[in-house]
Every structure is written in structure tokens, then in C-alpha cells.
1. If one puts a single equal scatterer on every Cα of segment 411-486 and applies the Debye formula without solvent, what log₁₀ I(q)/I(0) results at q = 0.20, 0.25, 0.26 Å⁻¹?
2. Could you give the spread of the C-alpha atoms of the chain along their three principal axes, from largest to smallest, in whole angstroms?
3. Where in the chain is the longest stretch that carries no trypsin sites (Lys or Arg not before Pro) classed as loop by DSSP and with at most 11 other Cβ atoms within 10 Å?
4. Roughly what % of Cα-Cα distances in segment 443-486 sit above 13 Å, to the whole percent?
5. Each residue of segment 274-285 in order: what ³J(HN,Hα) in whole Hz does its phi give by Karplus 6.51 cos²θ - 1.76 cosθ + 1.60, θ = phi - 60°, with x for Gly and Pro?
6. With θ set to phi - 60°, apply the Karplus curve 6.51 cos²θ - 1.76 cosθ + 1.60 along segment 453-466 and write out the HN-Hα couplings as whole Hz, x wherever there is a Gly or Pro.
7. Which of the lysines could a cross-linker span from residue 201 if the Cα-Cα distance has to be under 17 Å and same-chain partners fewer than 8 positions apart are dropped?
8. For residue 276, enumerate residues with amide H under 5 Å from its amide H, sequence gap 5+ or separate chain, H modeled in the peptide plane.
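What follows draws every value from the coordinates through simple rules; no lab data is involved. Please read all numbers here as calculations on a predicted model, not as lab measurements. Neighbour counts run over all protein chains shown; Cβ positions are idealised from the backbone, glycine included.
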Amino acid sequence: MPHKTPITVAYGDGIGPEIMQATLAILDAAGAQIEPEVIEIGERVYLSGNSAGIEASAWESLRRTKVFLKAPITTPSGGGYKSLNVTVRKTLGLYANVRPCVSYAPFVETLHPKIDLVIVRENEEDLYAGIEHRQTDDVYQCLKLISRPGCEKIVRYAFEYARRHGRKKVTCMTKDNIMKMSDGLFHKVFDDMAVDYPEIKTEHMIIDIGTARMADRPEQFDVVVTPNLYGDIISDVAAELTGSVGLAGSANIGEHVAMFEAIHGSAPDITGKGIANPSGLLHGAVMMLQHIGQHDVAAKIHNAWLCAIEDGAHTADIAKAGDPSILSTAQFADAVMQRLGQSPTKFKAIDALAPTDAASSTTSKKTYQSPPKSAKAMVGVDVFFHWNDSNANALATKVLAALAEQPFSLQMITNRGVKVWPNGFPETFCTDHWRCRFMATDATSGNHEAIIGLLSAIRATGLDFIKMENLYTFNGEPGFALGQGQ
Ligand code: NAD
């Protein structure tokens, strides 16, 4: 009896149970050596009062099996419910979201018959850190966090993925013309790491034009690596271009645990009708089988699925107008099972071999090394104020009066990042959220005690400071951005 790999399975909400049943039936018929351990997550758990949507016993199963096949779940609307997907990804360190998007023309209608690309999306940081605050009547803040180890892990993963799967090009997409420090770091790590992969072509695109190009000429892309939010958006764009959101699967890979799923949601509009396309979850399951080393079973299922598609087996979402034989979820699963062992004739058959590790080895084993400690010096502080008067000069007068005895100078005032003092423009629209940049006037006054003294002096004027951000240099390089217009 071959060894069976325990996996954690969640049937999810909406169409989840229908497509999971179909998927597991195909895996079973194909001889997948897995031992499913079922957990409950999602709507019922949320509504029982658990705002995270997952119980302790489910975490135990995930940490034990380290492999998770998950159907989509419904996040109840209204406040207070945290996204289970984000919680699972971040808690288990699933840093890479890998989403292959492929066209199956002419059997699935699409304007772009030659798409064959993979989005590798950073999955743990960026604006998804979920650190948000309301600071004034007018202004809300969401912190975008980008770390060097986070960038290195995802960029390395993308290059290694390209190498192992024989891909030729990796495109990095960021917005570093605007976010020069955070997105700039992602871009720099990409450029630095590219030298380890001389056989792979590399390019960088600003995310806006990159997304436009993807919508217009997706066949030009091979592997794309990008921070979390951009990846979230372009992976839906790419999947939609292939013909249906019901087709694509995705892998969420961590150092210890991996999760596999369909990219779509729980589709409440078609729940219970038995018409959902199980292909997205099945593709997720195929990636799971590759992950646990069952490459032959993965290829057998994928090839049977390609045969079914070329033979015209279609669920409603991918059927052409007037298609006489639209299959239900269960009938489609049967069509796949009947073709197990066959190879497609129109599509290229999938190879049963593991992706090649030949070229990897040394680069894949490179792990993050913290850079040598920089000489870090505090040179000032940005202090943010809730101030209801729209006159920057009045704020400057008040602040300057408080500065009299303090070892700081007021360098500028900005409103939503735009410099409004000195020499602001009357046309600039101002909210109630202001930032004053104070620079230490001598080398000894850049310290926490001096800043506390500054804040006390400011507070004595009655000003409402809502946040501060220390200004540092690292080896003499400023660790802060200029004001717009500075
Ligand atoms: P959705 O992906 O569920 O549905 C969008 C459209 O695509 C619907 O018309 C639906 O009928 C169709 N569709 C989706 N999957 C299909 C399939 N397999 N076969 C045929 N048609 C399919 O997106 P939504 O309606 O915005 O979200 C519904 C719920 O799903 C929400 O509660 C959302 O939070 C949740 N959701 C969960 C996940 C996840 O668990 N990974 C992902 C996205 C959305």
C-alpha cells in the first residue's frame, strides 16, 4: 500500500461543496495518494461568533498536514469579519501567490488565444498589512509596508519558478516612479537578483502601463512578479482574459505550509444549481499534487482535463452560444474521469516529470542574509497635526513660536504630501491633516529626548499632534522622501 499524504480539506461555502466533491472524486479516480482531513472554515464559523472564521482545531490540522486544499468561502458582509484568506496566508507565512493563466482557444472563447503566463504575487505585506487608522475628521491612513526580506523571498521565488519551469522571461511591475522608497526597494531587489539568472530575460514596467499591456497583449508576458495589491488586480485581469474566472487555480506557497484553491469566490448566484465549473479548484489540486511530489497523477488529471475540453465538454460558464450539450458540475467531472489515461491531441500534453531542478540548486538555496548594520542617525522628525484652519501660514506661526527654545528648525509643512509652507500656492486644496518637518539644528539634538521636548513645547500651544515619524539617515543616505514641490 503506497504511503498516503495527509492533506487538510475545507469544503467552503456557496458552490464550494459542489466543486470540492467533484475535484476529490477526480483525484480519487486518478489514484492520488492523499488522506483528506476535513475542517470547517468560513461563513458558519464566522456567524457562530468567531470573527476570524477559523477555529483552533483547524489551525492544528493545517500545521500538522502542511498542505491545504481549500474551496472558496463567503465572508459575511458588514463590519467586524476579517478576511480568512488574508489571515491564513499571513499566519502561515504563505508568501508567494502563484497563479498560472492559460487560454484554451478555440475550445474556450477568448479574445487572446495565446495566453500562457504566471503571476507571482507577493502575499504577505504591502497595503495588506491591514494597519489602518482614522487620524482626523477628514483623513484615514493605510500603511504600506515593504521589507527587504519580503522582496527577496518573492523575487527569488519568481526567478526559481521561471528556471524550474523553463520560462524565458520575468517581468517586474511596480510603481517606483511615485513610491521611490518602498516600490523602489522591490525593483532594486529584482535588478540585483537578476544577475543570478543570466539565462532569463528580465524587464521592469510601471504597473499602470504594465496592466494596460497585459489587457491588450497578454501573450507577451511569461512570468510576472509584483507586490501584493498590484498582483491582486493584474491576476484577476489575466484570468478573466483567458475566458472565465471558473478556470484558474492558484497556489499559496510558504516555507512550511502551502494552500491550493480556485481563484474565484463562492458564487452565491449559482449555488445549489449544480452548474459550477470545478476546473479552477481542480487546477489548484493539480498544483497541490505537484507540490507533494505526485507528478504522474497531476499530469494524468491535467491531460484528462485537456482532453475533456478539446472534446467539447463544457460547463455553462464556458459554453458557446447555442452549445447543445452543457454539462453539470458532476457530468463535467465524469467527462474528466472517463478520459484519465488519455493524452490531448490539440493541446500540448503535460509532462509527468517533476519540473527540472537541474539548473537551480545553488541559487534556490540562497537564503536571506540581513545586510550589515547601517550607521543610523536621527536627523529630525515629521509631526502630523489635526488642524481645522486651512491657513498654512497660521499653523507655521503657531509652530515657530513653540520652537523658540528647541534645537529644531521647521523645514516645511505639507498637506496630503504637497508642500504648502513656505511659499505654498493658494490653489492647493488642504484637508485638516498637516505634516510639519522639523530638522535637528545640530548633530547632538537628533535624539528621542530632544523630540520629546519638542512635542511637549508644541503641545503647550494647544496643537493636536496625531502622529510622528522619526527621520533617519542610513550611512548618510536620507531614509525619508521629500515633500511634493519641495
Ligand atoms: P465570485 O468569484 O464568487 O463570482 C463572480 C462571478 O463568477 C459570478 O457570476 C459567479 O457565478 C461566477 N463564477 C465564479 N466561480 C464560478 C465557477 N466555478 N463556475 C461558474 N461560474 C463561476 O465573486 P463574488 O460574487 O464577488 O464573491 C462571492 C463571495 O465569494 C464573496 O463572499 C467573496 O468574499 C467570496 N470570495 C472568496 C474567495 C476565496 O475564498 N478564495 C475569493 C473571492 C471571493
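1. The computed values of log10 I(q)/I(0) come out as -1.04, -1.32, -1.34.
2. 84, 52, 46
3. Details: sites that count: 4, 168, 348, 365, 373.
Longest gap between qualifying sites, sites excluded: 169-347.
4. Numbers: 640 of 946 pairs.
Counting every Cα pair in segment 443-486, those more than 13 Å apart make up 68 percent.
5. Result, rounded to whole Hz: x, 10, 5, 7, x, 5, x, 5, 4, 5, x, 5.
6. x, 4, 5, 5, 5, 5, 4, 4, 7, x, 5, 9, 8, 10
7. Cα-Cα hits under 17 Å: 168, 169, 188.
8. The answer is 329.
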